[in-house]
Amino acid sequence: MLIKKPDDIKPSEITPESVYRNRREFMKDSSKLMLGAAVAGMSGMVNGQEGDALKARAPASLEGSSPPSWLAKKFTDIKPAPDSEPFFTGETLTPYRDITNYNNFYEFGMDKDHPSRRSDKFQTDPWSIVVTGEANKAGRYNLEDILKPLDLEERVYRLRCVEAWSMVVPWIGFPLADLLQRFEPSSKAKYVEFETLVDPETMPGVTSRFAIVDWPYREGLRMDEAMNPLAFIAVGLYGSILPAQNGAPLRLVVPWKYGFKSIKSIVRINFRETQPLTSWVDLQASEYGFYANVNPNVHHPRWRQDKERRLPQTLFSRKYIDTRLFNGYADQVAHLYEGMNLSVYY
Ligand code: MTE
């Protein structure tokens with residue numbers, strides 16, 4: 001995000017809302033068929049006609065991989081998002097192809113297409129998360145133990161990057177609070193910190209001489225933010241298992257904050273009494289804050305924040321829309337920041 005880049009997105013299709021709504025109805029009714037869809041989930045296949053279209057758009061690097069059977073089974077029983085805000089938005093969905101080819105995941109490189117092009121060696125099975133700090137149930141947990149007791153649900157959220165582009169993403173996952181509570185954070189836990197995997201063998205960005213991040217990528221939330229019902233852990237999108245470039249096997253989604261808070265491929269959760277030093281604050285504290293709430297009134301030195309470019313776009317058509325305070329989720333989260341000067345705590 002430090003370097004301004006030319007726009008490199010390719011022309012793409014829009015998934016019509018009607019198609020997606022039909023798919024959601026299908027998800028409600030056809031759990032048996034979803035088993036097949038989930039097994040094929042790594043290629044973006046969901047169901048019937050749209051599933052084939054998604055498969056055609058799936059990155060080549062995902063073809064041929066298959067999730068472990070316990071995970072595929074979980075994808076047969078996903079609770080669809082309700083039909084109203086805040087867990088759903090009627091805005092046009094960003095197509096699968098754009099969500100999975102226009103990424104920021106610096107562990108794979110700095111360009112938007114590096115994560116999709118360079119993540120074919122990335123392994124998510126086996127995967128474990130180490131839980132440390134102010135919690136009664138600290139320890140190492142494997143992914144299966146973490147996910148097994150959790151019910152998967154769908155959330156359609158806006159994602160707004162500080163670089164002033166945005167998407168609408170149908171995530172699959174579970175509330176962050178449901179996960180954190182299982183570790184029984186103590187009363188001393190005022191913040192929660194997250195870290196991403198660092199694997200030089202499969203993540204070419206971490207050994208690059210152009211790397212700007214002091215790995216591992218780190219993010220954090222205040223505990224009351226983390227416990228807000230909007231905060232979400234995604235394990236999938238568009239009804240399928242999360243592709244590597246979007247943060248497989250599990251990533252944070254905090255829809256009222258700039259995208260850089262939504263840390264990918266999490267391997268560590270640390271409960272702490274003090275505010276953690278997050279990667280972007282560490283890099284440039286005058287530009288990136290710990291809170292990073294979407295705010296059209298507080299501009300970044302290089303990107304105005306009152307408008308956003310909604311993806312997809314083509315060379316000839318760009319859609320700019322007004323950015324809303326807290327990315328349109330003020331009713332759910334404004335109370336968390338009562339009395340705080342948002343220009344100081346940006
Ligand atoms: N997490 C890690 N580990 N590494 C990253 O480079 N980039 C962040 C965030 N999470 C990043 C990350 C930024 S800047 C954004 S905008 C979002 O991921 C982008 O998510 P997406 O690629 O799924 O759209």
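The values are calculated or read from the model by the stated rules, or taken from the named source; none is laboratory data. From a predicted model like this one, the values you see are computed outputs, not experimental measurements. Heads up, the Cβs are rebuilt from the backbone with ideal geometry, glycines too, and the neighbour counts pull from every protein chain shown. What goes into the accessible areas is simple: the full protein's heavy atoms, side chains included, and nothing from ligands, DNA or RNA. Shrake-Rupley method; radii C 1.70, N 1.55, O 1.52, S 1.80 Å.
Any residue in region 200-228 that is under 17 Å from PHE183 (Cα atoms) sitting within a Cβ distance under 6 Å of a residue that is part of a loop (DSSP other than H, G, I, E, B)? List the pairs, counting only those 6 or more apart or interchain. Within 6 Å, the pairs are GLY220/PRO276; GLY220/THR278; MET223/ALA189; MET223/LYS190.
From GLN275, GLN181, which residue is touching a strand residue (DSSP E or B) at 6+ places or on another chain (Cβ under 8 Å) and farther than 22 Å from ASP77 by Cα? Going through GLN275, GLN181 in turn, just one is touching a strand residue (DSSP E or B) at 6+ places or on another chain (Cβ under 8 Å) and farther than 22 Å from ASP77 by Cα: GLN275.
Can you name the residue in region 159-189 that is open to solvent by 10 Å² or more (accessible area, probe 1.4 Å) and within 16 Å of the ligand (Cβ to nearest atom) and, of all such residues, is nearest to the chain's Cα centre (by Cα)? Among those residues, the one meeting the criterion is LEU159.
The number of residues in region 254-277 that are within 9 Å of the ligand (Cβ to nearest atom) and either of a type outside the set (Phe, Trp, Tyr) or touching a Leu at 6+ places or on another chain (Cβ under 9 Å) (or both) comes to 7.
For region 214-243, residues that are open to solvent by 10 Å² or more (accessible area, probe 1.4 Å), within 13 Å of the ligand (Cβ to nearest atom) and not basic (Lys, Arg) total 4. Scan region 121-157 for residues that are open to solvent by 10 Å² or more (accessible area, probe 1.4 Å) and within 23 Å of TRP280 (Cα to Cα) and the total you get is 3. Considering region 325-344, the residues that are of a type in the set (S, T, N, Q) and touching a residue at least 24 places away in the same chain (Cβ under 8 Å) include one that is least open to solvent (accessible area, probe 1.4 Å), namely ASN327.
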